[in-house]
Amino acid sequence: MKNSIKKNSDFKKIYEEKNSFATKNVVMYISKNSDVESNRLGISVSHKVGNSVVRHTLSRRIREIFRENQDSIENGIDIIVVLRVGSDKVEFFKLKEDFLKLCKKHGILK
């Protein structure tokens, strides 16, 4: 995915802004990024969540949710999604609901 956040320094920069909201399963950090016109997504899943197959499945689900809703999110925003322990037992639609709820709380929906 070309619009992803991969560098540890980028993650740290966004975490330091402390602009986050959370639900039971998902924590979302956001930061305005004037360097990039499109949105970027970073995903963090702890080793405590499950084995690598489970973590990768969760990452793919979040990426798909982001892709589906990218048109309704304002441009130039970096988003980091942190999946909490227990999020591996949640259905796709609940993850989507949590993602959109957090976008709404941050005020980044068009």
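The values are calculated or read from the model by the stated rules, or taken from the named source; none is laboratory data. These numbers were taken from a predicted model, which means no experiment stands behind them. So basically every Cβ, Gly included, is an ideal-geometry build from the backbone, and we count neighbours across all protein chains shown.
The table below gives the values:
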item	result
Residues that are part of a helix (DSSP H, G or I) and under 17 Å from Asn33 (Cα atoms), drawn from the range 101-110	Cys103, His106
Within the range 65-75, considering residues that are in a helix (DSSP H, G or I) and either in contact with a Phe, Trp or Tyr (Cβ under 7 Å, 6 or more places away or on another chain) or not basic (Lys, Arg) (or both), the one nearest to Asp10 (Cα to Cα)	Phe66
Positions within the range 23-64 being in contact (Cβ under 8 Å) with a residue 60 or more places away in the chain and either assigned to a helix (DSSP H, G or I) or among the basic types (Lys, Arg) (or both), in sequence order	Lys24, Arg63
Residues of the range 16-45 that turn out to be under 28 Å from Phe93 (Cβ atoms) and either surrounded by 14 or more Cβ atoms within 10 Å (Cβ to Cβ) or touching a strand residue (DSSP E or B) at 6+ places or on another chain (Cβ under 7 Å) (or both), as a count	19
Meets criteria (touching a residue at least 12 places away in the same chain (Cβ under 8 Å) and on the phi > 0 side of the Ramachandran plot) for Gly107	no
Only one of Asp98, Asp88, Asp78 that is out of contact with any Cys (no Cβ under 6 Å at 6 or more places or on another chain), surrounded by 12 or more Cβ atoms within 10 Å (Cβ to Cβ), of a type in the set (D, E, K, R) and assigned to a strand (DSSP E or B)	Asp78
Filter result (small (Gly, Ala, Ser) and either farther than 18 Å from Ile14 by Cβ or touching an Asp or Glu at 6+ places or on another chain (Cβ under 9 Å) (or both)) within the range 32-64	Gly42, Gly50, Ser52
Residues (of a type in the set (Ser, Thr, Tyr) and surrounded by 11 or more Cβ atoms within 10 Å (Cβ to Cβ)) located in the range 1-15	Ser4, Tyr15
Conditions (1) modelled with pLDDT of 90 or more; (2) at positive phi; number of the one not met by Gly76	(1)
